[in-house]
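Please read the structure below before turning to the comments.
Readers should treat all values here as calculations from the given coordinates under stated rules, not as data from a laboratory. Values in this document were obtained by computation on a predicted structure and should not be read as measured data. A quick note on method: Cβ atoms are made from the backbone with ideal geometry, for glycine too, and the neighbour counts reach across all protein chains shown.
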Amino acid sequence: MKAIVQDRYGPPETLALADVDPPVPAADEVLVRVEAAALNAYDWHVMRGDPLLARLALGRSRPRARIRGRDFAGRVHAVGAQVRHLRPGDAVFGDLGDANGAFAEYVCVTETMVAPKPANLTSPQAAALPLAGSTALLGLRDAGRLSPGQRVLINGASGGVGTLAVQLAKALGATVTGVCSTRNVDLVRSLGADHVLDYHRADFTRRDRRYDLVLDLVGNHSLTALRRALTPAGTLVLCGGGVYRGGSLLGPVALITRGRLLAPFVRHRIVAPATAPARSYLDTLRGYAEAGRLTPVIDRSYPLAEVPAALRYLEHEHARAKVVITV
């Protein structure tokens, strides 16, 4: 089968389209014929081996997982002997987690990390949901404990996670303020945001408005500044720093680390949740999508052979919403 492989850390040029043996499903796995995959900032970090500390988990000199990509959508091709809820031909979507392998014609995934595809979404739309949608849901509902009527600010509202977070926050009954660049103001407003701030014109950390929850998806403000935007009992959720160019030891994790260290000593709740693939999140996202409350926005689509170009675009062109791969 065709797949995008990587044998050393580095820029997009280290990725190559190659012929590899197709995976064989274990007893608790399904073999999926991939129709679409999605890019995440995670893929950029794995490709670069950045931040450096992450190489302890990813592989010191090269990625342990040779095939890139984690989010996918497609159809079940075969199932293992212990699989009970899926059959060949079923349309599914899922997240491979740190195992990677989605930028390929076939993937193997355990039954607990894949779910029926939302019936009203295309395969590219469904592939855009797993990691970004789970991160948004975790940050708002679980870590953020968002309640109807609360005010939430989403810093990075036009990104892959942000565009889904705006919609999920509205579905959860919140009053939503989205922060984005000038060119994305109309997009964020169209997703349901009650208020949109252009960060070129206003710094939300220096305004009088206070929020019950700040979901930070960018990492471009200090903890002190972010806490200024909170109500006295507010919650700050730190969910990474997107496509960070640094090559440092901690990279975008530095702010999260500082937040975790500070949390026990301040009145505000500061949480930095870690997203792990789970069928329950996929099922919840499917429910919102099929109810018309959640629709992924796709910025650009590339064929499998052009994954390096897609990652270059994600890295340098300030991609908005999701970039997807068709297989």
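Structure above, values below:
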{"item": "Rounded to 5, the percent of DSSP beta bridges in the stretch 131-271 classed as antiparallel", "result": "0 percent"}
{"item": "Distant-in-sequence amide H partners of Y211 (H built 1.01 Å from N, under 5 Å)", "result": "L230, T231"}
{"item": "Rounded to whole Å, sorted largest first: equivalent-ellipsoid semi-axes of the chain, Cα gyration tensor", "result": "32, 22, 18"}
{"item": "Highest-MSF residue in the chain out of D43, D283, D212 [GNM, Cα springs under 10 Å]", "result": "D283"}
{"item": "Environment charge of R145, counting only residues whose C-beta is closer than 11 Å and scoring Lys/Arg +1, Asp/Glu -1", "result": "0"}
{"item": "Neighbour net charge for S222 - beta-carbon separation under 10 angstrom, K R +1, D E -1", "result": "+3"}
{"item": "Computed lengthening from Q82 to N220, 0.36 nm per intervening residue step minus Cα-Cα distance", "result": "45.0 nm"}
{"item": "Diffusion constant of the stretch 131-271 at 37 °C, which comes from Stokes-Einstein with the Kirkwood Cα-pair radius and 0.692 mPa s, µm²/s", "result": "222 µm²/s"}
{"item": "Dipole of the chain, positive direction: furthest Cα of Q125, L282, T135, with charges on the beta-carbon", "result": "T135"}
{"item": "Phi to ³J(HN,Hα) by Karplus 6.51 cos²θ - 1.76 cosθ + 1.60 over the stretch 200-212, Hz, x for Gly, Pro", "result": "6, 10, 8, 9, 5, 7, 10, 8, 7, 5, 10, 10, 6"}
{"item": "Label point at A274 placed 7 Å out along Cα→Cβ; residues across the stretch 95-117 whose backbone nitrogen lies under 18 Å", "result": "96-100"}
{"item": "Mean-position separation - Cα centroids, the stretch 269-327 and the stretch 100-120, in angstrom", "result": "14 Å"}
{"item": "Computed [θ] at 222 nm, deg cm²/dmol, the chain (DSSP H ≥ 4; -39,500 (n - 2.57); rounded to nearest 500)", "result": "-6500 deg cm²/dmol"}
{"item": "The chain - share of DSSP beta bridges that are antiparallel (%, nearest 5)", "result": "55 percent"}
{"item": "In order through the stretch 62-72: 3J(HN,Hα) via Karplus (6.51 cos²θ - 1.76 cosθ + 1.60), integer Hz, x for Gly, Pro", "result": "7, x, 5, 8, 6, 8, 7, x, 10, 8, 8"}
{"item": "Amide hydrogen neighbours beyond the local backbone of A16, cut-off 5 Å, H modeled", "result": "V5"}
{"item": "Other-chain or far-sequence residues with amide H under 5 Å of H77's (modelled H)", "result": "L31, V32, R33, G89"}
